[in-house]
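The structure under discussion appears below in the form of structure tokens.
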Amino acid sequence: MQKTYYDPADLKKFGKITEWNEELGTKFFDYYGKVFEEGKLSAREKSLIALAVAHTEQCPYCIDAYTQDGLQRGITKEEMMEALHVGAAIKAGATLVHGVQMMNKVNKLEM
């Protein structure tokens with residue numbers, strides 16, 4: 001087995017981040033838990049959003065966690081892939097729209 005920088009076993013250690021700063025770690029986990037509660041969006045919808053964001057942020061731990069979470073919530077592989085394409089389209093659009101800044105700079109420098 002090839003060793004990588006990201007060790008899947010580290011995901012299980014996530015809760016230990018509170019050990020070096022209990023106050024902030026606890027506040028984060030309180031917030032995190034509140035965000036994923038049922039609200040105007042269902043937990044299923046939030047799981048799909050989290051999966052798409054996990055891919056745009058390229059977090060292998062989040063990808064693993066929300067792939068598993070999604071499957072447990074009955075999200076199909078086709079729905080997962082569609083969500084990823086939505087995330088990819090937004091990421092690509094965000095990259096391209098910054099091209100306007102480059103165009104503005106070139107136009108200014110060519111004056």
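Within the bounds of the range 61-69, is there any residue that is more than 24 Å from Lys12 (Cβ to Cβ) and either assigned to a helix (DSSP H, G or I) or among the aliphatic types (A, V, I, L, M) (or both)?
no
Among the residues of the range 44-60, write down those that are among the polar types (S, T, N, Q) and part of a helix (DSSP H, G or I).
If the condition is that a residue be among the polar types (S, T, N, Q) and part of a helix (DSSP H, G or I), then Ser47, Thr56 are the ones that fit.
Evaluate the following for Leu11: is it in contact with a Phe, Trp or Tyr (Cβ under 7 Å, 6 or more places away or on another chain) and more than 21 Å from Lys91 (Cβ to Cβ)?
Against the criterion (in contact with a Phe, Trp or Tyr (Cβ under 7 Å, 6 or more places away or on another chain) and more than 21 Å from Lys91 (Cβ to Cβ)), Leu11 qualifies.
For Leu41, all conditions in the list (1) under 26 Å from Ala9 (Cα atoms); (2) outside any helix (DSSP H, G or I) hold save one; what is the number of the exception?
All conditions are met except number (1).
Show the residue pairs that are 6+ apart or on different chains and have beta-carbon atoms under 6 Å apart, the first residue being within the range 4-22 and under 17 Å from Ala65 (Cβ atoms), the second being at pLDDT 85 or above.
Tyr6/Pro60; Leu11/Tyr61; Ile17/Gly25
Is it true that Leu24 is touching a His at 6+ places or on another chain (Cβ under 7 Å), modelled with pLDDT of 95 or more and assigned to a helix (DSSP H, G or I)?
So Leu24 does not fit the description; no.
For His98, indicate whether it is touching a residue at least 24 places away in the same chain (Cβ under 8 Å) and of a type outside the set (D, E, K, R).
No: the conditions fail for His98.
Tell me, which residue of the range 62-93 that is of a type in the set (Val, Ile, Thr) and either touching a residue at least 12 places away in the same chain (Cβ under 8 Å) or touching a Leu at 6+ places or on another chain (Cβ under 9 Å) (or both) is farthest from Phe36 (Cα to Cα)?
Taking the candidates together, the pick is Ile90.
With the requirement that a residue be within 15 Å of His55 (Cα to Cα), surrounded by fewer than 17 Cβ atoms within 10 Å (Cβ to Cβ) and either in contact with a Phe, Trp or Tyr (Cβ under 9 Å, 6 or more places away or on another chain) or not hydrophobic (A, V, I, L, M, F, W, C) (or both), what does the range 70-81 give you?
Lys77, Glu79
With respect to Thr67, determine if the residue is among the β-branched types (Val, Ile, Thr) and exposed (fewer than 10 other Cβ atoms within 10 Å of the Cβ).
no
Between Gly87, Gly93, Gly99, which is under 18 Å from the mean Cα position of the chain (by Cα) and loosely packed, with under 14 Cβ neighbours inside 10 Å?
Exactly one of Gly87, Gly93, Gly99 is under 18 Å from the mean Cα position of the chain (by Cα) and loosely packed, with under 14 Cβ neighbours inside 10 Å, namely Gly93.
The values are calculated or read from the model by the stated rules, or taken from the named source; none is laboratory data. Model, not experiment: these values are computed from the prediction. All Cβ positions, even for glycine, are placed from backbone atoms using ideal geometry, and neighbour counts span all protein chains on display.
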